[in-house]
1. Starting from the range 63-92, take each residue that is touching a residue at least 40 places away in the same chain (Cβ under 8 Å) and list its partners that are assigned to a strand (DSSP E or B) and of a type in the set (A, V, I, L, M), counting only C-beta distances under 6 angstrom and pairs at least six apart or across chains.
2. For the range 68-92, give me each residue that is assigned to a loop (DSSP other than H, G, I, E, B) and β-branched (Val, Ile, Thr).
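Rule-based calculations on the coordinates, nothing more; no lab input. Predicted model, so just to flag it, every value in this text is computed and none were measured. Here the Cβ is made from the backbone with ideal geometry for all residues, glycine too, and neighbour counts use every protein chain on show.
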Amino acid sequence: MISCEGQSNKGIFITLRFETMSLYEQLTFSSPREIAMKAKVDPDLCIGCGICIDECKAAAIFFSGTIAEIIEEDCTECGDCATLCVMDAITV
């Protein structure tokens, strides 16, 4: 469920409620940047081709063995890695 809680001079506040194992958690965000998702690699799909590593402008991707991994703190959420991944192993 997503609901608009109100507006202020800093923007619109959105409340997200998640139900996980009958436990309700509530998160309130004040800007779209805070709710952006970092890129994730599905290790079952990644073939270790390295295209994402070569093209990542933030240098936020590295090999862990033969699988690409994302450094979340460095990821800028641009989505280039997901667009370039031939195996659709990366989601943003």
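1. Cys81/Ile90; Ala82/Ile90; Ala89/Val41; Ile90/Val41
2. Residues satisfying the conditions are Ile71, Thr76, Val86, Val92.
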